[in-house]
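*Asks:* I'd like to ask some things about the structure below.
Each reported figure results from applying straightforward, stated rules to the coordinates on display, with no laboratory input. Because the structure is a prediction, the values reported are computed rather than measured. Don't worry about glycine lacking a Cβ; one is built from the backbone with ideal geometry, like all the others, and counts go over all protein chains shown.
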Amino acid sequence: MTCPICAKDSDPKYRPFCSRRCADVDLGRWLNGSYAVPSQDPEDIEAAAEAMDEAGEGRLH
């Protein structure tokens with residue numbers, strides 16, 4: 001199995017990653033919202049749109 005971040009061989013200690021660094025990069029991507037689980041549920045879509053509107057309030061750009 002290769003690391004999903006850098007494609008090196010994975011280390012059993014950090015599986016599926018090769019190192020703590022790559023595991024932390026992946027965690028950071030999840031926390032920043034770089035990854036998302038797709039949904040077609042209208043309630044999920046509406047909630048996401050509302051959250052984006054609320055997050056954008058007060059921004060200058």
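*Asks:* What are the ³J(HN,Hα) values, in whole Hz, obtained from phi via the Karplus relation 6.51 cos²θ - 1.76 cosθ + 1.60 with θ = phi - 60°, for each residue of the range 12-18 in sequence order, with x given for Gly and Pro?
*Replies:* Karplus values, whole Hz, x for Gly and Pro: x, 5, 10, 3, x, 8, 8.
*Asks:* Using r as the Cβ-Cβ distance of residue 24 and residue 1, and R0 as 25 Å, what FRET efficiency do you calculate, to the nearest 0.05?
*Replies:* After rounding, the FRET efficiency stands at 0.85.
*Asks:* Shifting gears a bit: With no solvent and one equal point scatterer per Cα, compute the Debye intensity ratio I(q)/I(0) for the range 12-56 at 0.23, 0.28, 0.33 Å⁻¹ and report its log10, rounded to two decimals.
*Replies:* Debye intensities relative to I(0), on a log10 scale: -0.82, -0.99, -1.10.
*Asks:* Measure nothing but the geometry: give the 0 to 90° angle between the long axis through the Cα atoms of 20-32 and the longest principal axis through the Cα atoms of the chain, rounded to 10°.
*Replies:* Taking Cα atoms only, the helix is inclined about 10 degrees.
*Asks:* How about the range 6-39: which chymotrypsin sites (Phe, Trp or Tyr not before Pro) there lie in a loop by DSSP and see at most 14 other Cβ atoms within 10 Å?
*Replies:* 35
*Asks:* Across the chain, where is the longest run that never hits trypsin sites (Lys or Arg not before Pro) in a DSSP loop with at most 13 other C-beta atoms within 10 Å?
*Replies:* Value returned for the longest uninterrupted segment is 9-58.
*Asks:* Relative to the first principal axis of the alpha-carbon coordinates of the chain, what is the inclination of helix 42-56, with its axis defined by its Cα atoms, in degrees from 0 to 90 and to the nearest 10?
*Replies:* 80
*Asks:* Under 4.7 Å Cβ to Cβ, no partner at all: give me those cysteines from the chain, in residue order.
*Replies:* By the Cβ distance rule, which asks for a partner under 4.7 Å, the isolated cysteines are 6, 22.
*Asks:* Given the options 42, 2, 28, identify the residue whose Cα lies farthest towards the positive end of the charge dipole of the chain (+1 on Cβ of Lys, Arg; -1 on Cβ of Asp, Glu).
*Replies:* The residue sitting farthest along the positive end of the dipole is 2.
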